[in-house]
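Right, one structure below, let's go through it.
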Amino acid sequence: MAAIEDLSELADSMRQAAALLADEDVDESSTNSRRPSTFLNVVALGNVGAGKSAVLNSLIGHPVLPTGENGATRAPICIDLLRDTSLSSKSIILQIDNKSQQVSASALRRSLQDRLSKSSTGKGRDQIYLKLRTSTAPPLKLVDLPGLDQRIMDESLVSEYAEHNDAILLVIVPAVQAPEIASSRALKYAKEYDGEGTRTIGIISKIDQAASDQKALAAVQALLLNQGPAKTSDIPWVALIGQSVSIATAQSGSAGSENSLETAWRAESESLKSILTGAPPSKLGRIALVDALAHQIQNRMKLRLPNLLSGLQGKSQIVQDELARLGESMVTTSEGTRAIALELCREFEDKFLQHITTGEGSGWKIVSCFEGRFPDRMKQLPLDRHFDINNVKRIVLEADGYQPYLISPEKGLRSLIKGVLELAKEPSRLCVDEVHRVLIDIVSSAANATPGLGRYPPFKREVVAIATSALEGFKNESKKMVVALVDMERAFVPPQHFIRLVQRRMERQRREEELKGRSSKKGQDAEQSILNRASSPQTGGSMKSMKEDKKEKEKDKSGPAEKEGQESSSLKTAGAEGEITAGFLLKKSAKTNGWSRRWFVLNEKTGKLGYTKKQEEKHFRGVITLEECNIEEVADEEDPPSKSSKDKKSNGPDSGKVNLLFKITSRVPYKTVLKAHSAVVLKAESAADKVEWIKKISQVIQAKGGQIRTSDGGPTMRHSLSDGSLDTMARRPADPEEELRWMSQEVRGYVEAVLNSLAANVPKAVVLCQVEKAKEDMLNQLYSSVSAQSTAKIEELLLEDQNVKRRRDRIQKQSSLLSKLTRQLSIHDTRAAAASGWSNGSAGMSMCKLLSYSFTYLLDG
């Protein structure tokens, strides 16, 4: 009986462990559970009249179950037994809905008989449940099923009780049917649900009724010695006699005897020994049945313990992690409350900085505001509409008032610059708003990612509100800063750009005048040379010679042109569509003013012109982006003087000289073309090469909106939004509209340069006024605001979420119960392993024992 009680405690611990692993609420003090243990279930299987109820009455110690002929049990009867040693051996306590009532065995038996007689008219599927508390019964749950040969019994009813993996099956066979045990229906069902026989016990009942049947007794002794049929060899067998009479006799004995039942059970064992002389004494009587039940229950528990312990180990780690996430319980002192509030602020600070600096959160969206939408808005400003010639004329007219400008419309141009730069304020403000929204999202994400703040929703809302208020102030300061940047550019227009503009204009006019003077001097010298030849006495001075000289002169004039036309280009092309052109060019050095021969490569698709020192080199020494450039022809000012006066007289100055120079300049003022140079002067090796280079480079530049200028003062090829150019203005300075158009385009170049500068500087101001302040000033404001709160206010804010509180209490209970259950189960597993080791003659420790020892050590540590 003591072994059964120990197993009952172990079964309850294993039940609680299984409930914990299923994440169910477990109450240690309550025996009710949604997950009842099946280790202590005992199901009686047998035919009608096999003595099932009598055997169960023997286990209970009271004749509470009806017995008799023709099948007294007509419906499943479940009796949940609780052992209470404080009761007398004759007392029975019936528990109904947490109420206890003392009853007698005869009263219970009559009540059951009445209920069974009423259920005989039905299908027999309704279960009768009783919960009894006695001092004589082991803590088991007994299930008395109707006879298997009754009509109401089928496989579904049997499987409802017998299919549980840990329920003990009692195969009850009368002694007179022992010779035909192989055909027993009860044994068939037991083998079906327990093929290995690890939870089956065979019981031979009514031995006293077969005392004179030697064949039956021989079959009984064979079963008890495990010498019966093959189906029965792996099942432990126990012999009993009809206990109803002995129990009734004991109960009707003297009232002062508390050991009458034990005396009756010992008498039963002695009687069985006298009948079954060759049977082992350990398999005779009710005491042997209780020991067999304890052995089988223990075997089933040994199979379950390792898996339960392993599951508890994993569950313990999960519980500890959950406790760490939920945090400790709230302290009650004012200092502790304030310390918790500041600690939560520090956790939020760590998460916020992690989100904004590591890119884990939405920090990358700040960069996308600077590199995506903001530059696009700056490029989409309506510059075309504002620099339209009609709009420029209107602004100039309004700015000058009733007195038109005398030399230059400076007031109008300044007004135009201010009006256009005013447009940059709106994109700058929108950039500030976008960054503000990103920072708000980061604050919200950081607060949600802070575990501690999740426990205190009011404090979390307060932290987000303080941070949002600080960010709102930073947003307003940032807007003021970016507007001030724009106003700074509007307030002062540096004159250097326009001074250089006038200087370039005057330089161009000077060059054109020199070219005109040089060409007129050449014509005069040529005419004088002809006259000198015609009047010279050495030549004969005839009209014929003058005509011949004139023909020779025309021939000489046409000669270079024809040669130039016949000369072919030496450039090389490559690529599927011939988009790559390569050849040698002379590059003028800005330092030494000398020429260097370099290998140039033009890629028309990418719009890049790169050069190397040698043709074999693979890496460019410099690359020019033609998208931002203009090209123009320049006069060769370094023509070497003629070597002899004779050449001058015969050919005239610079006759036959072909200009091979051209220059690439930046379309936007103040920008460089190549390295630190604002212009690159190149010289072709031949006229054909020059024509080919200029043609291909011009195609790239024209496609990007650039312009091409000539050096002969002819009409300008300006591929931009205006029709005029510097050359046109120099050649026709008297046209005021053309001059105004040219000035507006130069002003546009300046405005575009300023807008490019703002596109680079506004993000810097935003980062300084919003992002950097959010990383420092916002967090400082958070600490100061929380510290300034009263203790009562902080306690009000630190009201823990009830769900979190209930979750923590539940997890703490699970943690405590896990520790207790693991120790209990480990002790039982260690004992079982030790017993198994001794029985097998092995000194080695089982795997279960090792697991239990290690797991106990982990929990204790």
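We did not get these values from a lab; they are worked out from the coordinates using the rules stated. Values in this document were obtained by computation on a predicted structure and should not be read as measured data. Note: ideal-geometry Cβ built from the backbone for every residue, glycine included; neighbour counts use all protein chains shown.
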Inset, instruction - Please report, in debye to the nearest 20, how large the charge dipole of segment 437-495 is about its Cα centre when each Lys and Arg carries +1 at its beta carbon and each Asp and Glu carries -1 there. - result: 200
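Of the listed pairs K516/K683; K480/K793; K671/K764, which have alpha-carbon separations greater than 30 Å here?
Values: K516/K683 23 Å; K480/K793 35 Å; K671/K764 21 Å.
Beyond 30 Å: K480/K793.
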Legend entry - Qualifying chymotrypsin sites (Phe, Trp or Tyr not before Pro) for segment 381-490 [loop in DSSP, other Cβ within 10 Å: at most 15]: Y402
Legend entry - Debye intensity ratio I(q)/I(0), log10, segment 158-226, q values 0.19, 0.26, 0.28 Å⁻¹ (C-alpha model): -0.74, -1.11, -1.22
Legend entry - Environment charge of Q789, counting only residues whose C-beta is closer than 12 Å and scoring Lys/Arg +1, Asp/Glu -1: -1
Legend entry - Counted charge near V176, where neighbours are those whose Cβ lies closer than 9 Å (Asp, Glu -1; Lys, Arg +1): 0
Inset, instruction - Place +1 on the Cβ of every Lys and Arg and -1 on the Cβ of every Asp and Glu in segment 147-240, take the dipole about the Cα centre, and give the residue among L225, A210, Q150 whose Cα lies farthest towards its positive end. - result: A210
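Suppose the chain between L87 and H295 were pulled fully straight at 0.36 nm per residue; how much longer would it get relative to their current alpha carbon spacing?
Numbers: separation 208, 0.36 × 208 = 74.88 nm, distance 2.67 nm.
Extra length available between L87 and H295 comes to 72.2 nm.
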